[in-house]
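Engineer: Below are the C-alpha cells for one structure; questions will follow.
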Amino acid sequence: MTGIFAERAPVYSALGLEPRPVPPGGKACKIKGWQKPDTLIDRDQRERWLTRHADSGIGLRLGTILADDSRLGALDIDRDDMVRLAQALLGSTCERIGSKGSALFFRYVGQLKRKPIRRRVANGEDIPIGDLLVDGAFCVIPPTVHPSTGTAYFWVGDPLETYVLDALPLLGSGSDLQSANFQGARSLELVLAALQSEHVASLVLGQSTHDAALGFINDLLPYTQDIEFIRGLVAAALPPDYGGNTLDEVPELVASGVSKGLHRPGRDGAGGYDPRDMGPIPFGYLANGDFVLYDQRKRILVPESSNGLISLGTLMNYAPLSFWMSRFPQYKDGSPSGVNTFGAGDALIELCRKRGGFDPSLVRGRGVFPDPQGGVIVNWGGPIPEDTRYVYVCHRPLDVSTPSQPVDPRRILAMFGRFNWGNTSSALLLLGWAAGLPPRGDPSSMLVHGVF
C-alpha cells in the first residue's frame, strides 16, 4: 500500500496514538464515529482504512492516553504574532505549521474541554486566537497537503513520531494539577490568561508598551509571581526587534500589582509553587506533625516543622536567596526588599498537606532495585525516572567508573572461601550479597532522626 495515510498511520499507531484519514483537499476526518478512541473501534475497521483511504492525508485524534496517564493535546494558534507567546508559555515542544500560526503539542491531566481561544479587546468584543484541542478534537499533521496553500504541513524541529512524548510540556487546570501532584506543570488558567489578555494587542505592535505591560502583568499575577518567567512572557509578546526599556520595568510592574493585592500568593495554577530543578519538593507529612521535603540538589529527604518552614535560614538550606525572592518576594514602598517567608512556608505546608501522610517504607537508598512498573532502577546518584512510586535518596553519589582492571569473580569467591564457615555454601551467598552492593540503611529510622 502506498499513499500518505497508508504509510504513516501504522507508524503513529505503533506509538500508541490514534491516526485518522483526511480526504484530499480537506482538513477534517469524514468517517462517522472517528471521535471514538481506538479501543472502541473494531480493529478490522481500522485496518480497512489503510486500503480504502490509502491516498488520504493524516491527522490525529487528540485525548489519547499516554504512558504516564496524561493525554495528548495541542494548542492550535492561528495568528503568527501570537506564536512566540505560546512558545514561551509552553516551553520546548513539538510544533506543526500549516498556512499560518502553529500547532504546539502538549500533555494534559484532568478532563479538559475543547474550546476556542479568543482575545479580549477594549470595546468589549473579542478576536479569535486559536483553539485548545483536547479529547475528541482533531489535528492534521504532516505530510498532509494544506488545502489553501497546496503545500504540505511541516514540522518545526523533530516530528512527533520521533519526539519523546513524555518530554512534551504538561498542562492542566490548577485543581487537577494539585490533585495529580505533577511537578513543573503549567496551569491552563495561566496560559489562557496570557493569550486572552486584552493588553497583548498593544504589546505585539510595540505601542504604549508601559501601560500595556502593566495590564498584561496584572492579568498574570493571580497565577504566578515569578519575575523572570513574567519577563520572558512580556518579551515574547513584544516585537522581536523591540528596543525599548519595558523589560527593565518588569520587576517594578510586578511589585506595583502585588502592592495592590492583585496576586494570590500560594494559589497559582501549579499548586502555588514551582520548584523547577532547584527548590524543595513537598512530599507529605509525618505522624508527629512534621512536613517532609525532598532536597533536589542534595538528593535527601528532610522533616521540617512549620516554624522551620517560615524561617529564611531553613528555606536557604534548600535553594539560594534569589530563588525565594523570585517566587515569594516581599515588598517595601513598591520595591522588592526580601523574601515573604510566611508565604513560602504556607505554600510548602499546603502542598505537603495535599500529598497526605508520608510513608517512609517507600524510601529507597543507594543500590539496584527492581521497578514494579518494569525494568531496574540503579540508584548510585544519577537521575531517577519520575514515574516511580518510590523515593530514591543518595546524599553521596558513588563513583561507578569502569575499573582499570576487570574483576575476576572466581578470585573473589576463592578469597571468601578462606573464612572458617559453618556451611561452605556461605561463601557463595556472600559473593551474591557483595554483587548487590552498595548497602543501604533502614530508610524509616534515618528519616525519623533527620539523617536524610
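The values are calculated or read from the model by the stated rules, or taken from the named source; none is laboratory data. None of these values were measured; they are calculated from a predicted model. Using ideal geometry, Cβ is built from the backbone for each residue, glycine included, and neighbour counts are taken over all protein chains shown. Quick note on the areas: whole protein, heavy atoms, side chains included, nothing else; ligands and nucleic acids left out. Shrake-Rupley method; radii C 1.70, N 1.55, O 1.52, S 1.80 Å.
Engineer: Look through the range 278-314, keep the residues that are assigned to a loop (DSSP other than H, G, I, E, B) and touching a residue at least 60 places away in the same chain (Cβ under 8 Å), and return whichever of them is surrounded by the fewest Cβ atoms within 10 Å (Cβ to Cβ).
Structural biologist: Checked the range 278-314; the qualifying residue surrounded by the fewest Cβ atoms within 10 Å (Cβ to Cβ) is ALA287.
Engineer: Here's a follow-up. Name the pairs whose Cβ atoms lie under 8 Å apart, with the first residue in the range 348-366 and closer than 25 Å to ILE310 by Cβ, the second open to solvent by 30 Å² or more (accessible area, probe 1.4 Å) and in a helix (DSSP H, G or I), and 6 or more positions between them or separate chains?
Structural biologist: Qualifying pairs under 8 Å: ILE349/SER306; LEU351/GLN178; LYS354/GLN178; LYS354/SER179; PRO360/SER444; PRO360/VAL448.
Engineer: For LEU195, state whether it is at pLDDT below 90, open to solvent by less than 20 Å² (accessible area, probe 1.4 Å) and within 20 Å of GLY91 (Cα to Cα).
Structural biologist: no
Engineer: Let me ask something else about it. Residue under question is ALA255, and the condition is that it be within 18 Å of SER337 (Cβ to Cβ) and either in contact (Cβ under 8 Å) with a residue 60 or more places away in the chain or touching a Phe, Trp or Tyr at 6+ places or on another chain (Cβ under 6 Å) (or both); does it hold?
Structural biologist: The answer is yes for ALA255.
Engineer: Also, quick follow-up: GLY73 - would you say it is at positive phi and small (Gly, Ala, Ser)?
Structural biologist: no
Engineer: Now for a separate question. In the range 329-350, what residues are in a loop (DSSP other than H, G, I, E, B) and either under 21 Å from GLY284 (Cβ atoms) or modelled with pLDDT of 85 or more (or both)?
Structural biologist: Scanning the range 329-350 gives a single hit, ASN340.
This table checks each residue for (1) more than 24 Å from ARG114 (Cα to Cα); (2) under 17 Å from the mean Cα position of the chain (by Cα); (3) free of Cβ contacts under 8 Å to residues at least 40 places away in the same chain.
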residue	(1), (2), (3)
ILE141	no, no, no
PHE154	no, no, no
LEU171	no, yes, no
LEU190	no, yes, no
PHE216	yes, no, yes
LEU221	yes, no, no
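Engineer: Would you confirm whether any residue within the range 204-211 is closer than 30 Å to MET278 by Cβ and either part of a helix (DSSP H, G or I) or modelled with pLDDT under 85 (or both)?
Structural biologist: Among the residues of the range 204-211, not one is closer than 30 Å to MET278 by Cβ and either part of a helix (DSSP H, G or I) or modelled with pLDDT under 85 (or both), which makes the answer no.
Engineer: Is it the case that some residue within the range 408-423 is at pLDDT below 80, part of a loop (DSSP other than H, G, I, E, B) and not charged (D, E, K, R)?
Structural biologist: Checked against the condition, which is being at pLDDT below 80, part of a loop (DSSP other than H, G, I, E, B) and not charged (D, E, K, R), the range 408-423 yields no hits at all.
Engineer: Let me confirm something: among VAL140, VAL156, VAL121, which residue is within 28 Å of ALA213 (Cβ to Cβ), among the hydrophobic types (A, V, I, L, M, F, W, C) and modelled with pLDDT of 90 or more?
Structural biologist: VAL156
Engineer: Next question, about the same structure. Can you name the helices (runs of 4 or more DSSP H) wholly within the range 1-110 that have at least 3 residues being open to solvent by 70 Å² or more (accessible area, probe 1.4 Å)?
Structural biologist: Here the list reads 43-52.
Engineer: Can I ask one more? With the condition kept exactly as written, say whether any residue in the range 76-94 is free of Cβ contacts under 8 Å to residues at least 24 places away in the same chain and among the β-branched types (Val, Ile, Thr).
Structural biologist: Yes, because at least one residue in the range 76-94 is free of Cβ contacts under 8 Å to residues at least 24 places away in the same chain and among the β-branched types (Val, Ile, Thr).
Engineer: Something else now. Looking at (1) over 21 Å from the mean Cα position of the chain (by Cα); (2) in a helix (DSSP H, G or I), which is the only condition TRP324 fails?
Structural biologist: So the condition that TRP324 fails would be (1).
Engineer: Would you confirm, using the coordinates I've provided, whether ARG353 is open to solvent by 20 Å² or more (accessible area, probe 1.4 Å), at pLDDT below 90 and not in a helix (DSSP H, G or I)?
Structural biologist: no
Engineer: Determine, yes or no, whether PRO320 is modelled with pLDDT under 85, out of contact with any strand residue (DSSP E or B) (no Cβ under 6 Å at 6 or more places or on another chain) and within 26 Å of LEU177 (Cβ to Cβ).
Structural biologist: Here the answer is no, as PRO320 does not meet what is asked.
Engineer: When you look at GLY215, is it on the phi < 0 side of the Ramachandran plot, of a type outside the set (A, V, I, L, M), outside any loop (DSSP other than H, G, I, E, B) and in contact with a His (Cβ under 6 Å, 6 or more places away or on another chain), yes or no?
Structural biologist: When the stated conditions are applied, GLY215 passes them.
Engineer: I'm told GLY184 meets every condition in (1) crowded, with 17+ Cβ neighbours inside 10 Å; (2) in contact (Cβ under 8 Å) with a residue 60 or more places away in the chain; (3) among the small types (Gly, Ala, Ser) except one. Can you identify the failing condition by its number?
Structural biologist: Failing condition for GLY184: (1).
Engineer: Could you check the range 111-147 and list, in sequence order, the residues that are assigned to a loop (DSSP other than H, G, I, E, B), open to solvent by 30 Å² or more (accessible area, probe 1.4 Å) and within 11 Å of ALA74 (Cα to Cα)?
Structural biologist: ARG114, ASP135
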